[in-house]
Amino acid sequence: MNVAGFNIGVVTSAWGDYGRYLPEWIESVETQTLRPAQITIIDAGITDSTAARLRLARCPIPWRWKKIEYAGMGRARNAAVEATETEWIMHLDADDMLFPYALADVANEAHRADVVSIGAVKDGQSILHRWASTERALMGMSVCFSCAAFRRSFWERRPWIEANDWIDSAFWVGFAHLSAKIVGTRRPGFRYRTHPDSHSRNMTPDQRAEAYAQLKRLTYEWDL
């Protein structure tokens, strides 16, 4: 349990060469001014986990490392949340890094929200969702990155989509249909790293089209 009862776990799921980014990921979580109650890492087929495991062994935050077979991004993310029992969850992609104040900013907004959207610095530019809201999510607008913090109780009713799971917005649309209150922070909370191995860069045009069509359909009616 953290300051003022705020209880959050920071989780991730990784496979292939994403393991090489985990030491920096762990460092960014460990150096939070408001530390999480737990770290969870899902190893869904990491090529080489040696450096990550060595770094995690030195981490003072309670942690869990769980191996599963890779069966899609959505399923790996669900495994990470399932293995973490904190009230709040943040799934931070393995190749991204939190700024030291990120979790403190989330805690400051948690009393009035079910989802707290944190902004990013991507290629030197700040991207914020200051006006994130349930209504905007249901309009199909981008309101959150995948690392927005959320109450686990909403995930229990609407877990990560495991079909056409590329567009994160569909996850938040599911929460919005449950009337989750979505708010944004006032400053970027993480560094969004771009690189050739990025999952989004390896999507085929057909996969992208299917994911966008699914998002548009779900904004009108949740049928999953």
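Observations on the structure shown:
- Under the convention that each Lys and Arg Cβ holds +1 and each Asp and Glu Cβ holds -1, the size of the dipole of the stretch 1-116 around its Cα centre is about 320 debye.
- Value of relative contact order over the stretch 93-224, rounded to a whole percent, pairs C-alpha under 8 Å and six or more apart: 37 percent
- For the chain, built as a Gaussian network whose Cα springs stay under 10 Å, the top-fluctuating residue of A79, A71, A107: A71
- Length gained on full extension, I127 to A163: 10.2 nm, using 0.36 nm per residue less the C-alpha separation.
- Additional length obtainable on full extension of the chain from E27 to T50, 0.36 nm per residue less Cα span: 6.7 nm
- Cβ-derived FRET efficiency at R0 25 Å, I61 paired with R186, nearest 0.05: 0.45
- For the chain, averaging the sequence separation of C-alpha pairs within contact (under 8 Å, six or more residues apart) and dividing by the residue count gives a relative contact order of 22 percent.
- The reciprocal of the average 1/r between distinct C-alpha atoms defines the Kirkwood hydrodynamic radius, which for the stretch 3-220 equals 17.3 Å.
- Between S179 and N7, the distance separating the two model label sites (each 7 Å from Cα on the Cα→Cβ line) works out to 2.5 nm.
- The stretch 3-220, dipole about Cα centre (Lys/Arg Cβ +1, Asp/Glu Cβ -1), debye to the nearest 20: 440 debye
- When both bridge partners sit in the chain, DSSP labels roughly 30% of those beta bridges antiparallel.
No lab work stands behind these numbers, since they all come straight from the coordinates. Computed from a predicted model, the values in this text were never measured in an experiment. Reconstructed Cβ throughout: ideal geometry from the backbone, glycine too, with neighbour counts over all protein chains shown.
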